[in-house]
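J.: Below is a structure I'd like to ask you about.
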Amino acid sequence: MAVVYLTFDSELDLSPADDVTKSFNQKLDSSNWTITDFLLGKTQLKVYHNEFFKGSHYAEGKGAMKYVIKGVVKMTVKPKVADVLLAGPTEWIVSEVGVTHEDSDDNRTNLLYVPKSAGASVTVFATLDKPSK
């Protein structure tokens, strides 16, 4: 396995993917737990809220939603995936963005968003060098 550092700097418009998310009308921001599923060719990748070396990713807004991913993620990947990532900038297709909204310890709402544009992607730059914080 190889450790790579991935740099993201993108924003995408989102649409609700289920009825619970469609009826949700509260504001989301960077304080909400976010997990995003990506496709890189046939490889499925996930980026979790707590994997950021610096920066973050989140869904923001109320009504018109936007997915923001800016920062550096430390990820352990198989050698073949590392080779693809390190060959140059890659385009990761966003499959879905999951967000947990928590009003209190006993009141959580799991939300699911998809990009407004089918096949929407973010550009990712990879390196083996650990960035300074």
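J.: So, Lys54, is that one in contact with a Gly (Cβ under 9 Å, 6 or more places away or on another chain) and in contact (Cβ under 8 Å) with a residue 24 or more places away in the chain or not?
T.: Numbers: in contact with a Gly (Cβ under 9 Å, 6 or more places away or on another chain): yes; in contact (Cβ under 8 Å) with a residue 24 or more places away in the chain: yes.
Yes.
J.: Considering (1) at pLDDT 95 or above; (2) outside any strand (DSSP E or B), say which one Asn25 fails and leave the rest.
T.: (1)
J.: Can you list residue pairs whose Cβ atoms sit under 8 Å apart, with the first residue in segment 84-108 being aromatic (Phe, Trp, Tyr) and the second being surrounded by 14 or more Cβ atoms within 10 Å (Cβ to Cβ) and assigned to a strand (DSSP E or B)? Count only pairs 6 or more apart in sequence or on different chains.
T.: Short answer, once both residue conditions are applied: Trp92/Phe38; Trp92/Leu39; Trp92/Leu40; Trp92/Leu45; Trp92/Ser121; Trp92/Val122; Trp92/Val124.
J.: Starting from segment 27-39, take each residue that is closer than 15 Å to Asn107 by Cβ and without any contact (Cβ under 8 Å) to a residue 40 or more places away in the chain and list its partners that are crowded, with 16+ Cβ neighbours inside 10 Å and aliphatic (A, V, I, L, M), counting only C-beta distances under 9 angstrom and pairs at least six apart or across chains.
T.: Filtered contacts from segment 27-39: no entries.
J.: Please identify the pairs in which a residue from segment 114-133 that is of a type outside the set (Ser, Thr, Tyr) has its Cβ atom under 7 Å from the Cβ atom of a residue that is in a loop (DSSP other than H, G, I, E, B), counting only partners at least 6 apart or on another chain.
T.: Taking only residues 6 or more apart or on different chains, the pairs are Val114/Ala17; Val124/Pro89; Phe125/Pro89.
J.: Can you spot a residue in segment 89-103 that is in a loop (DSSP other than H, G, I, E, B), at pLDDT 95 or above and more than 16 Å from the chain's Cα centre (by Cα)?
T.: yes
J.: Another one. Take the conditions on the phi < 0 side of the Ramachandran plot, assigned to a strand (DSSP E or B) and basic (Lys, Arg) and apply them to Lys80. Does it pass? Even if it seems obvious, please write down each step before you answer.
T.: On the way: on the phi < 0 side of the Ramachandran plot: yes; assigned to a strand (DSSP E or B): no; basic (Lys, Arg): yes.
Spelling it out, it is not the case that Lys80 is on the phi < 0 side of the Ramachandran plot, assigned to a strand (DSSP E or B) and basic (Lys, Arg).
J.: Since Gln44 meets every condition but one in (1) outside any strand (DSSP E or B); (2) loosely packed, with under 13 Cβ neighbours inside 10 Å; (3) polar (S, T, N, Q), which condition does it not meet?
T.: (1)
The values are calculated or read from the model by the stated rules, or taken from the named source; none is laboratory data. Since this is a predicted model, take the numbers as computed values, not measurements. Cβ atoms come from the backbone with ideal geometry, glycine included; neighbour counts cover every protein chain shown.
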